Structures are given as C-alpha cells and as structure tokens.
1. Would you mention how many residues in region A:107-133 are within 14 Å of DNA strand C (Cβ to nearest atom), open to solvent by 30 Å² or more (accessible area, probe 1.4 Å) and over 20 Å from A:Ala89 (Cβ atoms)?
2. For region A:55-72, give me each residue that is in contact with a Leu (Cβ under 8 Å, 6 or more places away or on another chain) and within 18 Å of A:Arg108 (Cα to Cα).
3. Within region A:58-85, take every residue that is farther than 23 Å from A:Gly141 by Cβ and part of a loop (DSSP other than H, G, I, E, B) and give me the one that is least open to solvent (accessible area, probe 1.4 Å).
4. For region B:42-57, indicate whether the set of residues that are more than 11 Å from chain A (Cβ to nearest Cβ) and over 30 Å from A:His142 (Cα atoms) is non-empty.
5. May I ask you to list the residues in region B:58-73 that are facing another protein chain (nearest Cβ under 9 Å) and either in contact with a helix residue (DSSP H, G or I) (Cβ under 8 Å, 6 or more places away or on another chain) or within 13 Å of DNA strand D (Cβ to nearest atom) (or both)?
6. Restricting to region A:126-153, name every residue that is in contact with a Ser or Thr (Cβ under 6 Å, 6 or more places away or on another chain) and not basic (Lys, Arg).
7. Restricting to region B:134-144, name every residue that is open to solvent by 10 Å² or more (accessible area, probe 1.4 Å) and within 13 Å of chain A (Cβ to nearest Cβ).
8. Do the conditions hold for B:Ala88, that is, is it touching a residue at least 40 places away in the same chain (Cβ under 8 Å), surrounded by 15 or more Cβ atoms within 10 Å (Cβ to Cβ) and within 13 Å of DNA strand D (Cβ to nearest atom)?
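The values are calculated or read from the model by the stated rules, or taken from the named source; none is laboratory data. Remember, it's a predicted structure, so these values are computed and weren't measured experimentally. Note that each Cβ is placed from the backbone with ideal geometry, even for glycine, and that neighbours are counted across all protein chains shown. These area figures cover heavy atoms from the full protein model, side chains too; ligands, DNA and RNA do not enter into them. Shrake-Rupley method; radii C 1.70, N 1.55, O 1.52, S 1.80 Å.
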2 protein chains.
Amino acid sequence: MGRRADDGWTEEGLHVMPRKRPAPEPATGWLDEEQQRAWLAYIKVQLRLVYEMNRQLQADSRMSLADWDVLTALGASESASLTVTALAAQIGWERSRLSHHAKRMAGRGLVELATANSDRRATEVRLTAEGRVTLERAAPGHVELIKRLFFGGVPRELLDPLSTALESVYANLLAHGSLPPPDSLYADGAAVDAVRGAGDGAGAD
Amino acid sequence: MGRRADDGWTEEGLHVMPRKRPAPEPATGWLDEEQQRAWLAYIKVQLRLVYEMNRQLQADSRMSLADWDVLTALGASESASLTVTALAAQIGWERSRLSHHAKRMAGRGLVELATANSDRRATEVRLTAEGRVTLERAAPGHVELIKRLFFGGVPRELLDPLSTALESVYANLLAHGSLPPPDSLYADGAAVDAVRGAGDGAGAD
DNA sequence: GCGGATTACGTGACATGTCAAGCATAAGCC
DNA sequence: GGCTTATGCTTGACATGTCACGTAATCCGC
C-alpha cells in the first residue's frame with residue numbers, strides 16, 4: 001500500500017457538475033448541489049478509508065486488505081474451510097483471483113489448499129493454525145481503526161440516518177445495477193458477500 | 001473490471017462483532033449493533049459501486065476508473081495540462097503510479113507527456129484532442145450512472161444527513177488518520193484531492 | 001558559482017488482478 | 001456404458017500498482 005493525501009483536498013477537479021452551466025437540473029444533466037455535496041463526501045471518505053485500512057493492516061499484521069477479507073470469511077465459517085467458489089462468492093471476488101491469491105497465501109502459510117472429498121473437482125481453502133492466529137491478532141487493531149476513523153466522526157444521532165441512506169442506496173444498486181457475471185459464478189440464490197467485516201470471534205488484546 | 005455479486009449478500013462472514021460475546025461495548029471492543037449496521041451498509045455500497053463504475057466506463061468508453069480520474073482532473077485544469085506531481089496530488093495517487101499509467105495512456109493517445117519549460121525536472125501531462133473527446137463522450141454516461149445507482153436510492157430528506165455524516169467522517173479521518181507519505185510528496189498545504197468527480201464541462205448528450 | 005540538500009521523475013522487480021482458455025470430474029440422458 | 005454438458009478450478013499472458021532506488025535539475029548558503 002502506499003498512497004497519501006496530505007491534509008485536505010480541494011474541491012476543484014472533483015467537479016461533478018459543469019463549470020459553467022447554471023441549469024437547475026436537466027433531469028438527465030449534472031448533479032445538483034445537494035447531490036454533489038454528498039457525492040464528494042462519499043468519494044473522499046472511500047478513498048481515504050481504503051488507504052488507512054490497507055496501511056494499518058500492512059503495518060500491524062503484514063497483511064493486505066485482500067488477505068483480511070479471505071481470513072475473515074474463513075474464520076467465520078464453522079469448519080474454517082470453504083471451497084473456492086463459496087469463498088469467492090462470500091467475499092465477492094472472481095474465482096480466478098481467489099485461486100491466485102489463495103496460492104500465495106498458502107505459500108505464506110496462512111491457508112492450505114486441498115481437493116475436497118465430496119467433489120473431486122472442488123478445492124477447499126482451509127485456515128491453518130497460523131492463519132487463525134494471524135487473524136485473531138489482527139482483528140482487534142482493525143476494529144479499533146474502524147471505530148476510531150469511521151465512527152469516531154459520526155454523531156450518534158446521525159448513525160441511523162446514515163445506515164438508512166446507505167441501505168437504500170444498496171437496495172437501489174441491486175435493483176438497477178447491471179452485473180452480467182464475469183464468469184458464470186453465483187447460481188441463482190447463491191449467498192454472495194460477507195466482506196471486510198471487522199473482527200472475528202476471539203482475538204482482542 | 002469483472003467481478004460479480006449476484007443478487008444479495010449474506011450478513012454472515014461480514015461479522016463485525018464477535019459471534020458469541022454479549023458485551024455491550026467494551027470501549028475497545030467490537031462494533032455495537034448500530035455501528036455494525038452502518039458499517040455493513042457502507043462496505044456493501046462501496047464494493048458494489050466501484051464495480052459498477054468500472055464496468056460502465058469500460059463498456060461505454062473503453063476506459064478504466066483510473067483513466068477517468070486522470071482525464072477528469074486534466075479536463076478540469078485550465079490548461080488541460082498538469083505536472084505529474086500536481087496531477088498525482090489532485091487524484092490522490094503516488095507519482096510512480098501515475099508515471100506508469102500516464103505512459104500507457106500516452107500510448108493510447110489520450111494524453112501526451114512533455115518536459116516542462118519552466119522546470120526541466122518536471123513532466124507535463126497534457127490532455128490530447130482525442131483525450132478530451134473521449135472524456136466528453138464518457139462524462140454524461142458516468143454522471144447518469146451515479147444519479148441512477150447512487151442517488152436513485154437516496155430519499156431527498158436523507159441527502160442532507162448523509163452528506164453531514166460523511167463529512168464528519170472525513171473530517172475525523174483527516175484528524176486521526178495516520179498517513180506517513182509513501183514518498184515525500186505533498187509539501188505542507190498542497191491541495192490534494194479532486195477525485196472521480198462525475199462529469200466535466202461540456203459533454204452532455 | 002561550487003557542493004550538498006531537495007525536488008521531480010523514471011525504472012525495474014515484483015505483487016496483484018483480469019481475461020480467455022484449458023483440464024478434470026460430475027451430471028444427465030439414451 | 002458412452003456421449004454431451006455443466007461445473008469447479010487452475011493457468012498463462014498481460015494490465016496495473018507498489019516499493020525501493022537511481023538520475024537529473026533546482027535551490028541554498030557561502
């Protein structure tokens with residue numbers, strides 16, 4: 001990771017509306033003032049937060065946000081083991097990406113790969129003892145970071161409106177997003193998701 | 001580009017709180033319910049949105065979100081030309097990343113690179129005619145996407161609370177984030193930012 | 001103006017992600 | 001059983017990003 005954004009960001013360049021046009025909102029035009037304000041705030045938080053999370057994980061636990069997502073999902077499963085497809089769906093990745101990444105993590109001893117007994121085609125990604133320890137050691141710090149950086153700035157009374165707003169945005173995304181599968185993963189009701197949650201059972205210092 | 005997340009996401013695995021512990025909130029513990037709700041919503045929107053933006057830009061204009069950020073920032077500058085450092089600061093990248101990326105974009109004719117006259121050390125990244133056309137053609141669709149996917153789901157009355165909440169989060173991020181520069185960019189008050197804005201002067205359909 | 005910081009970049013090696021194929025096992029079907 | 005299809009992954013080539021370092025142009029005191 002690495003990146004950096006000093007202390008402030010100018011609004012200039014983020015222009016989500018024309019620099020000239022005074023139009024009130026052509027329906028199919030630019031973002032109006034209220035929208036632009038929300039959009040800028042959203043984008044800035046997003047970029048900064050990803051940077052911070054990556055950095056903290058890297059510094060404290062020598063792992064990337066990607067590693068965290070994988071370990072977290074595995075740690076959450078009962079058997080601490082999931083097939084590539086299931087795990088990929090869980091964290092929203094493409095299988096090939098996970099295939100590559102899992103192999104690297106296996107190289108570092110965080111997980112191990114083995115052909116499944118039930119289905120010889122399937123590969124099980126299993127959390128190793130070392131992987132679990134790593135995860136449990138990293139969890140507290142990550143949760144702490146989120147509480148500090150994200151929630152430290154949200155007034156209690158805005159928490160509910162924030163959730164509500166984001167939830168509607170998400171619902172809308174699901175309803176109107178495109179999403180033709182990159183592969184042909186995720187059958188009908190496949191449970192996708194489970195991502196970047198903060199923390200996992202155990203751990204804590 | 002490429003990824004996919006079917007229709008829904010399970011909450012399972014996102015676990016931002018322990019699976020057992022009943023603790024009310026150990027101060028240095030896990031996220032409480034309200035926080036977890038907001039966090040899950042935030043993460044899900046973030047992942048999905050990035051996926052959608054990348055996809056739309058790729059499909060409609062053969063460009064990545066990264067290309068968009070670069071073109072957008074250049075398009076916003078008066079001279080349609082910025083030095084590598086300035087541009088990197090604008091969009092929040094590391095200079096080396098921009099260096100690599102700009103070279104590729106130059107290969108595709110979207111920008112051109114030239115040593116600055118004023119400072120022989122500096123390299124100017126300039127928007128080419130083709131680059132501008134590409135940007136202006138892509139802008140409407142991108143803005144449209146954001147209005148549809150993001151704002152299509154936000155009830156008007158929640159827009160202000162949403163902005164306020166995100167702005168406080170951002171302010172908090174600036175105040176408590178780490179951020180030791182990856183390089184030693186950004187002198188003191190350097191205006192950093194300007195990112196992924198949607199749209200640019202001109203364009204429109 | 002000379003020598004040592006500083007600043008602005010470019011590079012090379014390597015980590016990560018994406019895409020298009022390819023391979024093996026499983027399922028269906030007759 | 002033997003074929004055709006579907007499923008589950010892995011690979012290889014290549015696009016992108018990150019890091020550590022190297023080089024050239026400026027700036028600063030003296």
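1. Number satisfying all stated conditions: 4.
2. Answer for region A:55-72, where residues must be in contact with a Leu (Cβ under 8 Å, 6 or more places away or on another chain) and within 18 Å of A:Arg108 (Cα to Cα): A:Leu57, A:Met63, A:Ser64, A:Leu65, A:Asp67, A:Trp68, A:Val70, A:Leu71, A:Thr72.
3. Quick first cut of region A:58-85, residues farther than 23 Å from A:Gly141 by Cβ only: A:78-79, A:81-85.
In the following step, the residues that additionally are part of a loop (DSSP other than H, G, I, E, B) were identified as A:78-79.
Working: A:Glu78: 171, A:Ser79: 80 Å².
Per the stated criteria, the residue is A:Ser79.
4. yes
5. B:Thr72, B:Ala73
6. A:Ala138, A:Gly153, listed by residue number.
7. B:Glu136, B:Pro140, B:Gly141, B:Glu144
8. Against the criterion (touching a residue at least 40 places away in the same chain (Cβ under 8 Å), surrounded by 15 or more Cβ atoms within 10 Å (Cβ to Cβ) and within 13 Å of DNA strand D (Cβ to nearest atom)), B:Ala88 qualifies.
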